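> One structure, as structure tokens, below. Some questions next.
The values are calculated or read from the model by the stated rules, or taken from the named source; none is laboratory data. Everything numeric in this text was worked out from a predicted model, so none of it was measured. As a convention, Cβ positions derive from the backbone with ideal geometry for all residues, glycine included, and neighbour counts pool all protein chains shown.
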Amino acid sequence: MIEEGNTDDALLYEILDMERAVSGEADEMYLEYSEDVMRIMTKIRNDWNLKYPEEV
């Protein structure tokens with residue numbers, strides 16, 4: 001279930017939801033929301049030319 005929270009912690013909420021889904025604790029998965037967040041984060045990384053340390 002999506003609840004209102006602190007926008008500064010938005011990524012944390014996504015991570016916690018994903019962990020619950022993977023562990024089988026979540027009654028419902030909102031995969032489309034996670035996909036949207038991943039797509040947005042990838043676009044931001046590409047737009048800003050950000051790379052993780054292990055990326056070439």
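> Of the residues that sit in segment 24-49 and are of a type in the set (S, T, N, Q) and at pLDDT 85 or above, which one is surrounded by the fewest Cβ atoms within 10 Å (Cβ to Cβ)?
Among those residues, the one meeting the criterion is Asn49.
> Kindly provide the set of residues from segment 1-23 that are modelled with pLDDT of 75 or more and among the polar types (S, T, N, Q), ordered by number.
Across segment 1-23, the qualifying residue is only Ser23.
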